[in-house]
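Notes to accompany the following structure.
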Amino acid sequence: MIELTEQQRQAVKNGEAIHIAAPEIGEDVVLLTAKLYEIMRESVEDQRRQKAILRYSMKQAKTIAQENPY
């Protein structure tokens, strides 16, 4: 169980992410509220979808340009 300092508790309550050292796993971890995590996860997923659409669109545009050089 992680014990947070008062300063860390206030930061999380204010919607901030906090870094916590985790030497047991060899790297730091970030603690944030579930609500903030979901917002960030959805944003990343949206960006991935947009990149996939852009790649597909560029591929289609290239194919059309090669078939119709006018």
Review point. So is Q60 at pLDDT 90 or above, in a helix (DSSP H, G or I) and more than 14 Å from the chain's Cα centre (by Cα) or not?
Key: yes
Exercise for review: Determine whether V12 is open to solvent by less than 100 Å² (accessible area, probe 1.4 Å), out of contact with any helix residue (DSSP H, G or I) (no Cβ under 7 Å at 6 or more places or on another chain), touching a residue at least 12 places away in the same chain (Cβ under 8 Å) and of a type outside the set (F, W, Y).
Suggested key: yes
Of (1) more than 15 Å from the chain's Cα centre (by Cα); (2) surrounded by 11 or more Cβ atoms within 10 Å (Cβ to Cβ), A52 satisfies every one except (2)
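Yes/no matrix, rows are residues, columns are (1) of a type in the set (S, T, N, Q); (2) in contact with a strand residue (DSSP E or B) (Cβ under 7 Å, 6 or more places away or on another chain); (3) in a helix (DSSP H, G or I):
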residue	(1), (2), (3)
G15	no, no, no
H19	no, yes, no
A22	no, yes, no
I25	no, no, no
Y37	no, no, yes
Y56	no, no, yes
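The values are calculated or read from the model by the stated rules, or taken from the named source; none is laboratory data. On a predicted model such as this, the values are computed, not experimentally measured, just so you know. Counting neighbours? That spans all protein chains shown, and the Cβs are built from the backbone with ideal geometry, glycine included. Accessible surface areas use protein heavy atoms only, side chains included; no ligands, DNA or RNA. Shrake-Rupley method; radii C 1.70, N 1.55, O 1.52, S 1.80 Å.
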